[in-house]
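So the structure is just underneath, and the comments pick up after that.
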Amino acid sequence: MIKIDILTTTRAEYGLMKPLIHRCFCDIDIQMRLLVTGTHLLEEYGATYREIENDGYSIYKKLGIMSCCQGNVGISDTMAKALLVFTEHFTSDKPDFLLVDGDRYETMAVCLAAFNTNTPIIHIGGGATTEGAADEFYRHAISKMAYLHFPTTALYRKRIIQMGECPDRVFTVGSLGIENIRETTFLSLKEMEDSIDFKLDLPFAVVTFHPVTLEESTHLEQLEELLKAVEKINDIKFIFTMANADKGGNEINEKLMDFALLNTDKVKCISSMGSKRYLSALKLCEFVMGNSSSGLIEAPTFHIPTINIGDRQRGRIKAETVIDCEPEKKSILQAITKARSREFKEICKKAVNPNGDGYSSNKIVNYIKAYCYKHDINMKKKFYDIDFVIKEDDSL
């Protein structure tokens with residue numbers, strides 16, 4: 001039996017990984033252990049560990065790591081705590097693998113703890129690029145520490161191999177988020193209204209805005225431009241989901257809550273929607289707006305427009321449903337007009353999501369088992385060189 005510790009640090013990450021968690025839970029060859037940490041354990045972020053328990057999954061360990069400090073100090077303090085707490089866990093209760101998804105700083109610290117204890121890492125979601133966020137660097141660093149890789153697209157697989165990872169350990173599987181959509185029983189409009197206590201008697205948009213972590217102190221300025229655009233629209237309602245725990249996230253959330261209190265007729269702000277409610281909102285809404293990866297990964301499956309604001313997701317593969325705009329009121333309003341046009345809606349109806357077919361979890365589990373049965377896990381990875389031509393450096 002393969003003992004796999006699955007890490008989840010945030011509501012969004014858990015929502016993406018739910019199909020894989022269920023698949024591992026049902027597999028007789030895998031002993032799955034859920035390690036729950038990060039904002040899952042904080043009331044101000046909705047204490048979303050309860051969602052995991054309500055889904056019927058046993059939490060193996062709840063490991064608190066989040067700092068009470070803000071900004072850069074808070075991030076570094078959180079990472080330091082995670083490194084210590086998880087090193088102690090992997091030393092005393094070592095699994096065969098640690099499985100992680102994505103690119104957050106908390107995940108990076110946990111992977112360092114695993115690496116320091118010679119615990120092999122399985123990484124989902126490597127090879128993507130998000131040039132406006134620090135996640136870009138965390139993601140690639142995790143890829144270099146990881147042993148098995150499960151990118152969502154063939155292009156992302158090539159990038160991981162370009163980083164020196166052996167092709168035999170890199171498998172294209174598509175996005176777990178697409179599978180989540182395929183397996184969800186959606187809420188009706190009335191059920192959605194009841195669940196969020198908000199009347200949806202007009203078309204509505206789902207909005208998520210996170211800090212742009214590679215830009216210094218622009219998050220409130222950009223959010224202000226977004227809110228000015230929202231104020232100009234009177235025939236749409238807006239459901240805002242709260243920002244994550246990145247630097248500046250708390251400031252964004254405070255601003256959103258104040259804005260919602262002043263615009264109760266057309267704005268609802270929710271700390272955590274949960275996977276089912278969030279995906280139901282995507283199915284029912286007119287368009288998605290903000291700078292969250294869900295607008296590029298999940299939303300295209302619903303054939304709805306995504307207004308992608310600013311640079312946070314720059315570099316990701318995008319469907320035809322995505323409209324890029326600047327974090328300025330005029331540009332955002334122009335994007336909204338385009339998203340609501342009959343012509344663009346027709347484009348969205350025919351668009352294909354480039355992020356997979358919705359059967360990722362079976363592929364991941366089967367690849368893990370097949371690899372383990374055929375190979376010994378050797379942490380002494382060889383760097384895989386590829387044959388390509390690089391232009392000569394003529395800068396001198």
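The values are calculated or read from the model by the stated rules, or taken from the named source; none is laboratory data. Treat the numbers as computed from the prediction; the structure is a model and nothing was measured. As a convention, Cβ positions derive from the backbone with ideal geometry for all residues, glycine included, and neighbour counts pool all protein chains shown. Just so you know, the surface numbers come from the protein's heavy atoms only, side chains and all, with ligands and any DNA or RNA stripped out. Shrake-Rupley method; radii C 1.70, N 1.55, O 1.52, S 1.80 Å.
Things to note:
- Picking from residues in segment 1-42 that are over 21 Å from the mean Cα position of the chain (by Cα), aliphatic (A, V, I, L, M) and not in a strand (DSSP E or B), the one that is farthest from Phe97 (Cα to Cα) is Ile28.
- Of the numbered criteria (1) over 22 Å from Phe198 (Cα atoms); (2) over 20 Å from the mean Cα position of the chain (by Cα), the one Arg314 fails is (2).
- Residue within segment 43-53 that is open to solvent by less than 30 Å² (accessible area, probe 1.4 Å), assigned to a helix (DSSP H, G or I) and at positive phi present: no
- Residues (at pLDDT 90 or above, touching a helix residue (DSSP H, G or I) at 6+ places or on another chain (Cβ under 8 Å) and open to solvent by 50 Å² or more (accessible area, probe 1.4 Å)) located in segment 56-71: Lys61, Lys62, Gly64
- Filtering segment 182-217 to residues that are among the polar types (S, T, N, Q) and either farther than 30 Å from Pro151 by Cβ or part of a helix (DSSP H, G or I) (or both) leaves Ser188, Ser195, Ser217.
- Test: Leu7 is at pLDDT 95 or above, buried (at least 22 other Cβ atoms within 10 Å of the Cβ) and not aromatic (Phe, Trp, Tyr): yes
- When Ser92, Ser76, Ser67, Ser58 are screened for being of a type in the set (S, T, N, Q) and under 19 Å from Ile142 (Cα atoms), only Ser76 passes.
- Within segment 221-261, considering residues that are part of a loop (DSSP other than H, G, I, E, B) and more than 30 Å from Ile65 (Cβ to Cβ), the one most open to solvent (accessible area, probe 1.4 Å): Asn234
- Tyr57 without any contact (Cβ under 8 Å) to a residue 24 or more places away in the chain, touching a Leu at 6+ places or on another chain (Cβ under 7 Å) and either farther than 27 Å from Ile270 by Cα or not charged (D, E, K, R) (or both): no
- Cβ-Cβ under 8 Å pairs, at least 6 apart or on other chains, segment 153-174 side in contact (Cβ under 8 Å) with a residue 12 or more places away in the chain and more than 21 Å from Ala370 (Cβ to Cβ), far side open to solvent by 10 Å² or more (accessible area, probe 1.4 Å) and part of a helix (DSSP H, G or I): Met163/His140; Met163/Lys144; Gly164/Lys144
- Residue among Phe204, Phe186 that alone is hydrophobic (A, V, I, L, M, F, W, C), out of contact with any Ser or Thr (no Cβ under 6 Å at 6 or more places or on another chain) and within 27 Å of Leu256 (Cβ to Cβ): Phe204
- Segment 346-388, subset open to solvent by 40 Å² or more (accessible area, probe 1.4 Å) and touching a strand residue (DSSP E or B) at 6+ places or on another chain (Cβ under 9 Å), residue modelled with the lowest pLDDT: Ile377
- Residue check for Phe204: open to solvent by less than 30 Å² (accessible area, probe 1.4 Å), in contact with a Cys (Cβ under 9 Å, 6 or more places away or on another chain), touching a residue at least 12 places away in the same chain (Cβ under 8 Å) and closer than 25 Å to Ile336 by Cα: yes
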